[in-house]
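**Student:** Supplied in structure tokens, the structure appears directly below.
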Amino acid sequence: MATIQDVAKAAGVSAMTVSNVMNGHPNVRPATRERVLEAMDRLGYRVNVAARNLRKGRTGTIGLAVPEINRPYYGRLAAAIIAAAGRHGLRVSIEQTGASRESELAALSQSRNRLYDGLILSTVGMGPADVGALDVDHPVVILGERIFGGPVDHVAMPNEAAAEAATRHLVERGCRRIAVVCGRLGGEADVSSLRYAGYLRALAAAGLPADPELVVTAASLTMQEAARGVRERTARGLGFDGVFCVTDTVAMGVLRALADAGIRVPEQVKVVGFDNVDESAYLVPSLTTVDPDHDLMAERAVALLAARIDRGGPGREEFAGPFRLVVRESTGG
């Protein structure tokens, strides 16, 4: 059986660096982290937790509750968390909440009954008013944009900064009337409101007006609803030369609607998405998008949860990972 020293030797790093990678330490360089993870997979290295679980009455299983497993983003996220959990000697049980507040609360309250050692919960329905529900007797890590400030660790994307960079890219490519396709904008922080705020910041920095007519609000962040919203705008003759989409799934619907209207991308309208799901590279045209480093987010979430399982105590760490803009054909890349 491979040891941590074997992994360190194979990756050309110290055993401490291997430990930092396993624990999702943010100061490890991406290239070093990739070398270590590749060495772990090649050598079949796994944390031996069987004896520890037996001594401490654990199952070695964590829960992952996500809104919809059939969405490209959540499928990609689940795969990354399963891989990260395996490196910590943990199995993952997945449940779907349907973006329902009641189902998210049930996932929290029933984790012990389902024999999970801890829970990673991607929240959509719950909000700051539900912070008291996070005070449970088992480790929990929250994923996503909802901001609670409760006794749990929180792993999120750099939503505003990344959305600002995506919109700025459209400006730099010559766009002056930039639409945004998002969900309903309410008072609470969520994926749409945070990314919309970044979009507005980029417009302001470029000296461009924020036209309410260019805000396409979809009833849900699906391809169908995004396409419907854009079709309505194009049918009315509303002119725009760029579109920032708050998710890649939304962008897929936007590309379909523009194609149906005979609008060429990127010649007439440039489109940017967010998430860098695998499908985005294979669209026609391929989609320029924000890559939030799913693997690092997954590793950090699992490492935080594993640390709480091992050491106990509440967690209040906030982690927002890095991002990069992947430029492809939809903006002329």
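The values are calculated or read from the model by the stated rules, or taken from the named source; none is laboratory data. Predicted model only: the values in this text are computed from it and were never measured. Every residue, glycine among them, receives a Cβ derived from its backbone with ideal geometry; neighbour counts consider all protein chains shown. Calculation scope for accessible area: heavy atoms of the full protein, side chains included, ligands and nucleic acids excluded. Shrake-Rupley method; radii C 1.70, N 1.55, O 1.52, S 1.80 Å.
**Student:** I'm trying to understand the selection: among the residues of the range 181-193, which are open to solvent by 10 Å² or more (accessible area, probe 1.4 Å) and assigned to a helix (DSSP H, G or I)?
**Tutor:** Val191, Ser193
**Student:** Sort out which residues of the range 252-265 are of a type in the set (A, V, I, L, M), free of Cβ contacts under 8 Å to residues at least 40 places away in the same chain and closer than 19 Å to Pro72 by Cα, and write them in order of number.
**Tutor:** Here is the first cut: in the range 252-265, the residues of a type in the set (A, V, I, L, M) are 252, 254-255, 257-259, 261, 263, 265.
Those left that are additionally free of Cβ contacts under 8 Å to residues at least 40 places away in the same chain: 252, 257-259, 261, 263.
Once the filter is applied, which keeps residues that are of a type in the set (A, V, I, L, M), free of Cβ contacts under 8 Å to residues at least 40 places away in the same chain and closer than 19 Å to Pro72 by Cα, the range 252-265 yields only Met252.
**Student:** Here's something else I'd like to know. What number goes with the only condition from (1) outside any helix (DSSP H, G or I); (2) touching a Gly at 6+ places or on another chain (Cβ under 7 Å) that Ser286 does not pass?
**Tutor:** (2)
**Student:** Filter the range 84-134 down to the residues that are more than 17 Å from His154 (Cβ to Cβ) and of a type in the set (D, E, K, R), then identify the one that is modelled with the lowest pLDDT.
**Tutor:** Applying the filter and picking the extreme gives Arg112.
**Student:** Separate question: If I go through the range 135-150 residue by residue, how many of them are open to solvent by less than 40 Å² (accessible area, probe 1.4 Å) and at pLDDT below 80? Working first, answer last.
**Tutor:** Step one: list which residues in the range 135-150 are open to solvent by less than 40 Å² (accessible area, probe 1.4 Å), which gives 138-146, 148, 150.
From what's left, at pLDDT below 80: 145-146, 148, 150.
Qualifying residue count for the region: 4.
**Student:** Tell me, yes or no, whether the range 289-302 has at least one residue that is surrounded by fewer than 24 Cβ atoms within 10 Å (Cβ to Cβ) and part of a strand (DSSP E or B).
**Tutor:** yes
**Student:** Kindly provide the set of residues from the range 273-288 that are open to solvent by less than 40 Å² (accessible area, probe 1.4 Å) and acidic (Asp, Glu), ordered by number.
**Tutor:** Of all residues in the range 273-288, those open to solvent by less than 40 Å² (accessible area, probe 1.4 Å) come to 273-277, 280, 285-288.
Asp275, the sole residue that qualifies.
**Student:** Sticking with this one: Kindly provide the set of residues from the range 80-100 that are open to solvent by 20 Å² or more (accessible area, probe 1.4 Å), under 19 Å from the mean Cα position of the chain (by Cα) and not polar (S, T, N, Q), ordered by number.
**Tutor:** Result: Ile82, Ala83, Val92, Ile94, Glu95, Gly98, Ala99.
**Student:** Give just the number: which of (1) open to solvent by 60 Å² or more (accessible area, probe 1.4 Å); (2) farther than 23 Å from Val277 by Cβ does Gly118 not satisfy?
**Tutor:** For Gly118, the exception is condition (1).
**Student:** Condition check: modelled with pLDDT of 95 or more and either crowded, with 19+ Cβ neighbours inside 10 Å or closer than 25 Å to Val131 by Cβ (or both). Does Ala156 satisfy that? Please lay out each step first, then the result.
**Tutor:** Values: modelled with pLDDT of 95 or more: no; either crowded, with 19+ Cβ neighbours inside 10 Å or closer than 25 Å to Val131 by Cβ (or both): yes.
For Ala156, the condition - modelled with pLDDT of 95 or more and either crowded, with 19+ Cβ neighbours inside 10 Å or closer than 25 Å to Val131 by Cβ (or both) - is not met.
**Student:** What are the residue pairs meeting all of these: first residue in the range 266-290, first residue under 13 Å from Leu170 (Cα atoms), second residue aromatic (Phe, Trp, Tyr) and surrounded by fewer than 24 Cβ atoms within 10 Å (Cβ to Cβ), Cβ atoms under 7 Å, and 6 or more apart or on different chains?
**Tutor:** Val269/Phe240; Val290/Phe323
**Student:** Just to be sure before I move on: is Leu296 at pLDDT 95 or above and either in contact with a Leu (Cβ under 7 Å, 6 or more places away or on another chain) or at negative phi (or both) in the structure I sent?
**Tutor:** Working: at pLDDT 95 or above: no; either in contact with a Leu (Cβ under 7 Å, 6 or more places away or on another chain) or at negative phi (or both): yes.
Considered against the rule, which asks whether it is at pLDDT 95 or above and either in contact with a Leu (Cβ under 7 Å, 6 or more places away or on another chain) or at negative phi (or both), Leu296 comes out as no.
**Student:** Restricting the range 241-264 to residues that are open to solvent by less than 30 Å² (accessible area, probe 1.4 Å) and not in a helix (DSSP H, G or I), which is farthest from Pro158 (Cα to Cα)?
**Tutor:** Gly242
**Student:** Would you point out the residue of the range 1-53, among those that are of a type in the set (Gly, Ala, Ser) and within 18 Å of Ile82 (Cβ to Cβ), that is modelled with the highest pLDDT? Step through it out loud before you land on a result.
**Tutor:** Pass one, the range 1-53, residues of a type in the set (Gly, Ala, Ser): 2, 8, 10-12, 14-15, 19, 24, 31, 39, 44, 50-51.
Checking the rest, the ones that are also within 18 Å of Ile82 (Cβ to Cβ) come to 24, 44.
Working: Gly24: 65, Gly44: 85.
Step by step, filter the range 1-53, then rank; the result is Gly44.
**Student:** Would you check which residues across the range 317-331 are in a loop (DSSP other than H, G, I, E, B) and in contact with a strand residue (DSSP E or B) (Cβ under 7 Å, 6 or more places away or on another chain) and list them?
**Tutor:** Pass one, the range 317-331, residues in a loop (DSSP other than H, G, I, E, B): 317, 321-323, 327-328.
Answer for the range 317-331, where residues must be in a loop (DSSP other than H, G, I, E, B) and in contact with a strand residue (DSSP E or B) (Cβ under 7 Å, 6 or more places away or on another chain): Glu317, Phe323, Val327, Arg328.
**Student:** Hey, Arg233 hits all of (1) in contact (Cβ under 8 Å) with a residue 40 or more places away in the chain; (2) of a type in the set (Lys, Arg); (3) open to solvent by 40 Å² or more (accessible area, probe 1.4 Å) but one; which does it fall short on?
**Tutor:** The single condition Arg233 does not satisfy is (3).
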